[in-house]
Every structure is written in structure tokens, then in C-alpha cells.
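Read the structure below first, then the notes.
Just so it is clear, none of the values below were taken in a lab; they were calculated from the coordinates. These numbers were taken from a predicted model, which means no experiment stands behind them. Methodologically, a virtual Cβ is constructed for each residue, glycine included, from the backbone with ideal geometry; neighbour enumeration extends over all protein chains shown.
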């Protein structure tokens, strides 16, 4: 089996790489990475990545500064990345030679630029699940723009919203994953394992029901119930004009689907209930090993947590002067360690409503950086050290380690996607 050369974009501290190498480090060979944190003097995530993976070409610069020629020299078979969620609307440029350009979602268009110059066989991308419904005033437009952009480059897109806890992991983290493949690959040209020479067959909706429920990469790696939830399913033909899609798209995008040759099929699916989630208690460190700094001995901090987690109604005024009531429901005063953990956010290292609060043996404490890493299926102390420009190895602050994990992905989910891609390649 030939190995796949990998380019990791928006690499963070290497979540995609960890997952793929846990799948098969001989098969997935990450040769290039790019990580750049704008408006930060200290490039901490890059330095953690560089500490662990000094053998690859790790590029610490704004992706917009990577030239087309640099991309063309990368013989990547696979591009991976968890790209930022922004506004993906498009417009024709004032200088017509630039063609189409994004208004705000500029980093997604850098992925498209990389694909256009590298032409990889596959991509695996990740984003927050609200992407499928954004923006609120034109639901599904951003995602439809993305599908149209990949269709123009002759790629198909399979997607699934995956909650890691539904597939045995310790965190209730919902993210949309994309498996994107070039239309001239063997995988794209087969139906039920047989090559197809008539494209008309690729538009038969019954084929895509089978693909979504049984034959697709996500169907095989993340089993779902064999019928649409509440009979929700739809299909659409996208305009070939990406600006028209941006301006006029109206349609439904459910949590599962596939796009081929400008037509997409989408179904609201539910996970098959065969894998029990891992409870929070399973990833906790031995209490005897927890440093005192993680315990809340200050009553004022406990009172702050109580107020943050209580129900509240607050009068607010919008920018246009509209007065409204902002409401929040009550949360449990502390996290149930017999359930999987809640979604970690980048603010995990501070005292706020979303921070995990544990009560163990009548003592309250925060989770530790190691426990945060375990919630994302990273090795213990993955983020403890970084390698600076001068080659020195220094420790990373707890606050930054928590920030990294709030931005990261569940690496075991990536591992399973990697397992599925290996099956496709064999």
C-alpha cells in the first residue's frame, strides 16, 4: 500500500496529524504544515507543533503569504485542516482578472487556492456544525458556496456532523467533518465496488441513499440508523455561478450528505446506538496527583461559579437601540463525572459559565491540562513544551494549554476517518 503525503493547514498543535498517525504512521506521511496565529507575537501553537514534529517542513507564516509556486512544489495527496468559521459570501472582484473572491471568509479561499495548485486526491476538513446553517439570514448559503467551489475544481464532498460522545469518546463535541475526493479517483468512479462509465447513473437518488447509509466513508466508520430522522431528506442542484449561489441560495442542509457534479443529497440522520460514551471520570487523573492550584479553596470563586451557572434574565440594548431580554437557563452547579464531558471552549482555563467544575470527595476543582488533553484524545502532556525560534525548549502556561485544547479536535475521530481512507486506498 502506497503512503499518502499530507499537508496539514491551520495545524494548531497537530490534532489531525496525531489522529492520522494513530491510524497508521507508515501510511500517512505529513511532509508540510502551516500554523499562524494572527495578532500574536508569540506563536505558541506552532512552537508546540514544531517541538513534536521537527522533521516536517513547518511553515509559520500567514497562509496568504504562501506563494502559488510553494504550493505547486508540494506533492500532497491529502490536505487536512480545521479551518476558521467565518462569512463565506463571495463577490466578483473589481479587477476582473482576479475572478471570484471571498468578502470575509478569506481563509477558506486559501484552502481552495491550495487545492487548485496542488490538486490532491483527498481532503479531510473540520468545522463547527453551525456552518451548515449559516448565515442566519440565508440558511445554508455558506456551505452551498463551499460545495460550489469544490465542484468547480472537480471534487465531490461527503459530510457528517459527528458528536464524539456518540462514538465512544469522553466529550460531547459536535463538529462537521468533510471527506472531499477528486472526481477522477477510483473511489469516485465506483458504485457498489464497480466502475461506472455512465455519469447519469451517478445522479440516481437511490444510489446516494445507499451511499449515505452504507457505502460512504462516514457510514462505514460512524454507523447511523438506516432511515432519515423524521423523514427529513432533500436534494438540490447548485448553480454553476458561485456568485449566484452566494446571492440567491435557498435550501436545506441536513447533518449528513454528499455532493457530486453540482448536485447534493442531504439527510437528517441519527447515530446507531451501539457505542457507549466514555464518562468524564474515566479520563480524570488520580486525585493524589492533582496540584493544589487546581482546587477552588476561595469561596468567592465558588460563588462566582454559582452565579454564572444560575438562570438569569438580563436587559440588553442592541446597537440599533432595540431593548431585549437576554435569558440563560440554569446549569448543574458542577459537572456529572458519570457523563461524558461538555464541549471544551478556548476559555476553559478561566472562570466562566462553560468551564468544567468538578466536585470530588467534597472538594471543588477545575480540570487539569492533562485532563483537557485526554478529553481531546491527545497524549498526556502533549502541550507542556514548545520549541522557540532560538531552539530552546520551554514550558507552556496552563492558560495556553487550555486554549489549545479548546481549539483542538478529538483525535480518535480523525483516527477512524484515517482508517476509512486506508480502506479506500487498498
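Key figures for this structure:
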quantity: Euclidean distance of C-alpha centroids, region 229-298 and region 4-54, integer Å; calculated: 23
quantity: Net lengthening on full extension, residue 235/residue 347 (0.36 nm per residue, minus Cα-Cα); calculated: 36.5 nm
quantity: 119, 304 arranged by Cβ crowding within 10 Å, fewest neighbours leading; calculated: 304, 119
quantity: Spacing of the two label points (7 Å from each Cα toward its C-beta) at residue 248 and residue 287, in nm; calculated: 6.5
quantity: Degrees, to the nearest 10: 106-118 long Cα axis against longest axis of the chain; calculated: 50
quantity: Residues in region 322-338 reached by a label modelled at residue 361 [backbone nitrogen below 19 Å; 7 Å Cα→Cβ]; calculated: 335-338
quantity: Cα-projected label distance for residue 385 with residue 316, points at 7 Å along beta-carbon direction, nm; calculated: 4.4
quantity: Equivalent ellipsoid, region 280-375 (semi-axes from 5 times Cα gyration tensor eigenvalues, Å); calculated: 30, 14, 12
quantity: Residue order, fewest to most beta carbons within 10 Å, for 49, 155; calculated: 155, 49
quantity: Degrees between helix 398-407 axis and first principal axis of the chain (Cα, 0 to 90, nearest 10); calculated: 30
quantity: Fraction in percent of alpha-carbon pairs per bin - 10 Å, the chain; calculated: 4, 20, 29, 27, 15, 5, 0, 0
quantity: Antiparallel bridge percentage (DSSP; both residues within the chain; nearest 5); calculated: 75
quantity: Residues 294, 122, sorted so that the one with the fewest Cβ neighbours within 10 Å comes first; calculated: 294, 122
quantity: Spin-label model distance (nm) - residue 324 vs residue 395, 7 Å beyond Cα toward Cβ; calculated: 4.5
quantity: Rounded to 10°, Cα long-axis angle of helix 411-425 versus longest principal axis of the chain; calculated: 20
quantity: Gain in span if fully extended, residue 40 to residue 275, counting 0.36 nm per residue against the direct Cα distance; calculated: 80.5 nm
quantity: Over 26 Å [Cα-Cα, region 302-426], rounded percent; calculated: 43
quantity: For the chain, calculated [θ]222 nm from helices alone, where every DSSP H run of n ≥ 4 adds -39500 (n - 2.57); calculated: -7500 deg cm²/dmol
